[in-house]
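Take a look at the structure below.
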Amino acid sequence: MAGNVDADALIAKQQTLIKLAKEGISEYVLTNEKAAPILNEVTAQAESMTKLSLEEIEEQWHDYGALHAKGLKPEAFDHFGPEISFMDAIIHPATGIIALNEYKKDKDAEHLEQVKEELNEVLEHLKHIK
C-alpha cells in the first residue's frame, strides 16, 4: 500500500464511512432503545475520536474506556451483533484517519498497514448490520 498514497483522499473516504455509520445509527436507535445510550455516545464523539493519538483511541474506544467512564457497558452486546458493528463502523475509520494523519507526518508504511487492518475490521462488521 506504500508508494504514491493520497492520504487526504483516503481520509475523506474514512470520513464518508463515519457519516454513513452515523446515519445508520440514527435509524437503528429508533427501534433499539437498549442500544441508544451507547450508540448515541459513539456518534456524539465521532469527530473528537479522530483527534486522539493511536494509543488514546485504542484505550478509550477499542477497549471501551470512554464508554465505561460514562457507566455504559458495551460488553452487554454481542461483538458481531449490530450494536457493536455500528460502533466499530465509526471507531475503525476514526482510527484510520489518525493513522493516515500520522503517515502524512512520518511516511511510515506501518500506518498504512494499520489503515488496511481497520478497513478489514469495518468490512467484517458491516456484514453483521442488516
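So here's what we get for this one:
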| quantity | calculated |
| --- | --- |
| Helices (runs of 4 or more DSSP H) lying entirely in segment 12-130 (those with 3 or more residues that are touching a residue at least 40 places away in the same chain (Cβ under 8 Å) and among the hydroxyl-bearing types (Ser, Thr, Tyr)) | 82-106 |
| Residue in segment 70-84 that is crowded, with 19+ Cβ neighbours inside 10 Å, closer than 16 Å to Thr43 by Cβ, in contact with a Ser or Thr (Cβ under 8 Å, 6 or more places away or on another chain) and at pLDDT 95 or above present | no |
| Top-ranked residue of segment 51-88 - restricted to ones that are within 17 Å of Glu121 (Cα to Cα) and hydroxyl-bearing (Ser, Thr, Tyr), ranked as farthest from the chain's Cα centre (by Cα) | Tyr64 |
| Condition broken by Ala21, with the remaining ones in (1) in contact with a Pro (Cβ under 8 Å, 6 or more places away or on another chain); (2) surrounded by fewer than 17 Cβ atoms within 10 Å (Cβ to Cβ); (3) of a type in the set (A, V, I, L, M) satisfied | (2) |
| Residue in segment 31-39 that is under 14 Å from the mean Cα position of the chain (by Cα), hydrophobic (A, V, I, L, M, F, W, C) and either under 27 Å from His111 (Cβ atoms) or surrounded by 16 or more Cβ atoms within 10 Å (Cβ to Cβ) (or both) present | yes |
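The values are calculated or read from the model by the stated rules, or taken from the named source; none is laboratory data. Please read these numbers as outputs of a predicted model, since none were measured by experiment. Please note: Cβ atoms are built from the backbone with ideal geometry, for glycine as well, and neighbour counts cover all protein chains shown.
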